[in-house]
Amino acid sequence: MAGGPAGRCGVGVVVPYDFALDREIWRWVPADTDLFVTRTRHQPLRVDVELAELLGTDDALRIGTLDLLAVEPDVVLYLCTSGSFVRGVEGEHRMREVMAAAGAPVAVTTSGALLDALHHLGVHDVAVASPYLPSLGAHLDAFLRAGGFRVVDHRRLGLDRHIWRVPDTAVRHLVLAADHDAAEAVFISCTNLPTYDVIAELEAVLGKPVLSANQVSLWSALRRAGATPPDTGQALFRSP
């Protein structure tokens with residue numbers, strides 16, 4: 001527990017400029033842990049490959065990490081799915097190296113956390129639900145395959161903006177459509193897509209883990225910070 005108030009864990013979080021789910025991510029955080037959030041600079045682009053690449057440049061990572069170091073977080077989390085998968089598995093490794101070189105005591109990315117969560121649960125075959133355009137969704141599929149996983153289906157909403165406005169009902173329908181008999185888990189991509197309130201319900205219906213971008217990110221960051229994850233009723237947080 002490096003920084004923040006005495007006896008508390010601290011997680012520094014770098015989010016995209018348009019991230020709108022600050023209240024949701026706190027729901028995965030235990031009472032003895034603080035989040036310190038900073039944003040990337042504004043980019044006047046639609047949500048697609050070009051924006052994902054700009055959100056995860058070396059400069060963006062260095063600046064975001066440096067902005068958080070004054071409060072001495074135990075871990076720095078880059079909270080963006082597309083920004084951390086768009087350059088592939090090696091690109092995600094590179095991102096963590098850049099963050100560590102900038103001073104992050106421990107560096108975590110959303111896409112790296114996803115691979116860790118799938119390994120932790122023993123999942124190989126995964127179905128994907130995302131809000132993305134096909135061009136961006138293809139990069140996610142390639143990232144998962146390069147990470148050693150099989151994508152059995154991927155259903156998309158085809159959105160390029162205002163993803164945080166998608167209602168829970170649409171997320172539920174998307175996940176149910178994406179699920180496949182061969183899938184051992186379903187992953188809901190994008191940290192700007194609301195998911196907390198649907199995960200446990202969908203797990204009960206589908207009988208398998210349902211993972212989301214924000215969920216795996218906070219799960220990984222909390223573990224690396226030495227914090228005790230809260231009881232969310234979600235499979236990933238119940239798994240020892």
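The values are calculated or read from the model by the stated rules, or taken from the named source; none is laboratory data. What you see is a predicted model; the values in this text were computed from it and never measured. Don't worry about glycine lacking a Cβ; one is built from the backbone with ideal geometry, like all the others, and counts go over all protein chains shown. Note: areas computed on protein heavy atoms with side chains; ligands, DNA, RNA excluded. Shrake-Rupley method; radii C 1.70, N 1.55, O 1.52, S 1.80 Å.
Structure notes:
- Hits in segment 69-106 (condition: of a type outside the set (Val, Ile, Thr), in contact with an Asp or Glu (Cβ under 8 Å, 6 or more places away or on another chain) and outside any helix (DSSP H, G or I)): 87, 105
- Checking 60, 52 one by one, the residue that is under 20 Å from the mean Cα position of the chain (by Cα) and open to solvent by 20 Å² or more (accessible area, probe 1.4 Å) is 60 and no other.
- For segment 163-170, the count of residues that are crowded, with 18+ Cβ neighbours inside 10 Å and in a helix (DSSP H, G or I) is nonzero.
- Residue 202 open to solvent by less than 30 Å² (accessible area, probe 1.4 Å) and either farther than 14 Å from residue 129 by Cβ or in contact (Cβ under 8 Å) with a residue 60 or more places away in the chain (or both): no
- Odd one out for residue 3, checked against (1) among the small types (Gly, Ala, Ser); (2) modelled with pLDDT of 95 or more; (3) over 20 Å from residue 163 (Cα atoms); (4) open to solvent by less than 20 Å² (accessible area, probe 1.4 Å): (2)
- Hits in segment 174-195 (condition: outside any loop (DSSP other than H, G, I, E, B) and in contact with a strand residue (DSSP E or B) (Cβ under 7 Å, 6 or more places away or on another chain)): 174, 175, 177, 178, 185, 186, 187, 188
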